[in-house]
Amino acid sequence: MTDELPLERIRSARISDAAVEQITSLIESGHIKIGDRLPSERELIRRLGVSRTSVREALRTLEAQGILEVQPGRGAFIVSDGRQKDFLAPILNWLSDHQRDMLDIIEVREAIESKAVYLAAQRAAEDDLHELESVLGQMERHVTRGEVDKATELDRVFHRMLCDVSGNNFLRTLADNILQALAEPRYSILVVPGRAEVSLAEHRAILDGIRTSDPDAAVAAMLAHMQSVKRSLSSLPVDKRGSPPQ
């Protein structure tokens, strides 16, 4: 795949910008897709005809835009097609401005959903497990495609289903009211680059605890998930004006 990419040698005063434009154009044209690994740094230097400094600067720019994720020892992977760029900044800005409220909500969800998964691990039927697995499978496909809006809705469906499977109607009502209040995309931490993949893995750990009828493992996985979300929210970078860096 990497040898077939139509990369051209760059002749520009703003070399790193030209490299960014080429790579984003390849994503838009479908030559590179979400999940694909870019050619190695050495190969990019050779194919683009630019310095190592310019290549690294271009990769940093793409990573800052949430398009690229550099995984140590593995390489640089495409994680977004950039279509979220226009609305990502205001969503991150809203989350940054309302961190305290969001953290308070997460603390309430910790209590409610920990009890829900504890009961679900004791009461889940085979059909329940199949449905939960199906939701995670759909969520994974949307995460892979960078469709955060659809992944966000499935994230909420998964959490609602956990409360359904608990068999406790009052728990289900409480959780449903909270999740309904968080229906707008601006409330979703999944918009933070890389967060959707992490949440998906944490959801699978929760389901594993339920599938093995291990209430303690299910609760531990849920608490780990909520703590992870809180860390992502608390560490959300903001500049001096209160807006996420672009």
Open item on the list: I need the peptides 67-78, 221-232 ranked by packing, meaning the mean over residues of other C-beta atoms within 10 angstrom, with the highest value on top.
Closed with: 221-232, 67-78
Task: Two-site label geometry, Phe77 and Arg100: point separation in nm, points 7 Å out along Cα→Cβ - done: 3.8 nm
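Can you work out the FRET efficiency for the pair Arg156 and Val70, with r the C-beta to C-beta distance and R0 = 45 Å, to the nearest 0.05?
On the way: r = 30 Å, r/R0 = 0.67.
Here the calculated transfer efficiency is 0.90.
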Open item on the list: In whole Hz and in residue order, list the ³J(HN,Hα) couplings for region 114-124 that follow from phi through the Karplus curve 6.51 cos²θ - 1.76 cosθ + 1.60, θ = phi - 60°; x for Gly and Pro.
Closed with: 5, 5, 4, 6, 4, 6, 4, 5, 8, 10, 4
- [ ] Run the quick spin-label model on Asp36 and Glu126: label points 7 Å from Cα toward the beta carbon, then report their separation in nm to one decimal.
- [x] 4.3 nm
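Starting from the Cα-Cα distance between Glu43 and Asp17, subtract it from 0.36 nm times their residue separation and give me the gain in nm to one decimal. Don't jump to the answer; show the numbers that get you there.
Values: separation 26, 0.36 × 26 = 9.36 nm, distance 1.79 nm.
7.6 nm is the gain from fully extending Glu43 to Asp17.
Counting only other residues whose beta carbon sits under 11 Å from that of Leu207, what net charge do I get with K and R as +1, D and E as -1? Show your work: numbers first, answer last.
Values: positive: Arg204, Arg211; negative: Asp128, Glu131, Glu133, Glu202, Asp208.
Local net charge: -3.
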Task: Within-14-Å neighbourhood charge of Ala217 [Cβ basis; K, R +1; D, E -1] - done: -2
Open item on the list: Along the Cα→Cβ direction, 7 angstrom out, place labels at Ser134 and Thr53. What is the inter-label distance in nm?
Closed with: 5.7 nm
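So how do 161-169, 18-26 stack up, highest first, on mean other-Cβ count within 10 Å?
Details: 161-169: 20.2, 18-26: 18.7.
Ranking, from highest mean packing down: 161-169, 18-26.
Throughout, read-outs are computed from the coordinates displayed, never taken from laboratory work. Predicted model, so just to flag it, every value in this text is computed and none were measured. Ideal geometry is used to build each Cβ from the backbone, glycine not excepted, and the neighbour counts take in all protein chains shown.
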